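Rule-based calculations on the coordinates, nothing more; no lab input. Predicted, not measured: the structure shown is a model, and the values here were computed from it. No Cβ is skipped: glycine too gets one built from the backbone with ideal geometry, and neighbour counts run over all protein chains shown.
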Amino acid sequence: MRPVRELVRLLLPVACPCGAPDVRWCARCAALLDGPPVRVERGAPRLDRLDGVAAVPVWALTPYSGPVRDVVVHWKDRGRADLDRLLAPALHRAARRLGPAFHDALGDTPLAVVPVPSTGAARRARGREPVSVLARAVVDGLRDAGSAARFVPALARRGAARDQVGLGARARGRNLAGAVRMTRRGARALGQRSACILVDDVLTTGATLAAVERALERAGHDVLGATVLAATPPPADDAPAARHGRSDIDGKLVRT
Ligand SMILES: [Zn+2]
């Protein structure tokens, strides 16, 4: 007779999103998310502000490619909410590593950790906001590092953003900029002027992050940086080190 465990596996097969059988996630995929967080904003063309201010610093744990892409897609859109337990601790560790610099620079000034909002359609399809799970993990990591951090889901997407298809890069940026708004509850929670850290799952062109940054700055808040799980490598650059940004985590608050 088969052991019960084996029967259960036949009924409810588990596999890592990369295909490795019999585990919810495999050691290889977990190792890709071990960090350390590195600066990646230079690979995101849409973070350029055109106003002389350098792009907001963004830290990522890993390039968005290969099995990491599978993990994120299954987590967000294929019902693998159980991967929270892989991804949230990864960003928790990253925030704990980044926390001391924020604490040195800001002292006991509270940090508002703001998740990048998903579109209403995506939220309805998923039945939840996966990025909020990451943002709460960042709050916990920053607190472990001595910062007074709090979770502030301050923003929402406007429903009627134009379809991006057929728009040039700059028009896409404008389209998205108008597509993020502060919620009334978010405005209350942030108060007059808050220091904000943004959290998202993946950095691609940076257009969404830039729109979020602008929405917060328009309301008088300071965006100090952003953390993401993974960043799309710039296509034209083959050097692995350059592809995934600088490996140092010095000068964390300096926009370079
Ligand atoms: Zn795997």
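Computed values, structure above
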quantity: For region 32-243: Kirkwood Rh in Å [reciprocal of mean 1/r, alpha carbons]; calculated: 17.3 Å
quantity: Cut-off under 5 Å, modelled amide H: who pairs with Leu111 long-range; calculated: Ala148, Ala149, Arg150
quantity: Environment charge at Gly127 (Cβ cut-off 14 Å; Lys +1, Arg +1, Asp -1, Glu -1); calculated: +4
quantity: Residues with amide H under 5 Å from that of Ala54, placed H, sequence gap 5 or more; calculated: none
quantity: Phi to ³J(HN,Hα) by Karplus 6.51 cos²θ - 1.76 cosθ + 1.60 over region 193-205, Hz, x for Gly, Pro; calculated: 8, 10, 8, 10, 10, 8, 9, 9, 7, 10, 9, 10, 7
quantity: Proximal charge balance of Arg157 [Cβ under 9 Å; K/R count +1, D/E count -1]; calculated: +3
quantity: Amide H within-cut-off set for Ala231, under 5 Å, with H built and near neighbours excluded; calculated: Thr62, Tyr64, Leu203
